[in-house]
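Below: the structure, in structure tokens.
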Amino acid sequence: MARRLIPSLNRVLVEKIVPPSKTSSGILLPEKTNQLNSGKVIAVGAGARDRDGKLIPVTVKEGDIVLLPEYGGTEVKLGDKEFHLYPEDDILGTLHD
């Protein structure tokens, strides 16, 4: 059965990007490389509300590549895939080419 998780409030569902373990020519890379802790945004919530009840929308959108903190977030497993759920405030920034 396929499931779709839609985050509530200002939460963001992220699939972490795993760096490759070997190059295209077959050279094995060390486990501890200086890779950024990044992920792809899969789904976003509607946003939080301010004191007056106005909706403050989430600033990231689906498909964005974001920089994540080393620790934090809630691990969520849907089917055979692993995702992480972060409040928008915990996301450090977006990465652009």
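The values are calculated or read from the model by the stated rules, or taken from the named source; none is laboratory data. None of the values given here were measured: they were computed from a predicted structure. FYI the Cβ positions are ideal-geometry reconstructions off the backbone, even for glycines, and counts take in every protein chain you see. Quick note on the areas: whole protein, heavy atoms, side chains included, nothing else; ligands and nucleic acids left out. Shrake-Rupley method; radii C 1.70, N 1.55, O 1.52, S 1.80 Å.
Things worth noting here:
- Checking each residue in the stretch 79-97 for being surrounded by fewer than 14 Cβ atoms within 10 Å (Cβ to Cβ), in contact (Cβ under 8 Å) with a residue 60 or more places away in the chain and assigned to a strand (DSSP E or B) picks out Lys81, Glu82.
- So Leu92, is it modelled with pLDDT of 90 or more, under 12 Å from the mean Cα position of the chain (by Cα) and over 13 Å from Pro7 (Cβ atoms): yes
- Count of residues meeting criterion [surrounded by fewer than 10 Cβ atoms within 10 Å (Cβ to Cβ) and modelled with pLDDT of 90 or more] in the stretch 4-54: 5
- One residue from Glu70, Glu62, Glu75 being out of contact with any Phe, Trp or Tyr (no Cβ under 6 Å at 6 or more places or on another chain), within 17 Å of Glu15 (Cα to Cα), open to solvent by 30 Å² or more (accessible area, probe 1.4 Å) and in contact (Cβ under 8 Å) with a residue 24 or more places away in the chain: Glu70
- Checked against (1) farther than 14 Å from Leu95 by Cβ; (2) aliphatic (A, V, I, L, M); (3) not in a loop (DSSP other than H, G, I, E, B), Val66 passes all but a single condition, namely (1).
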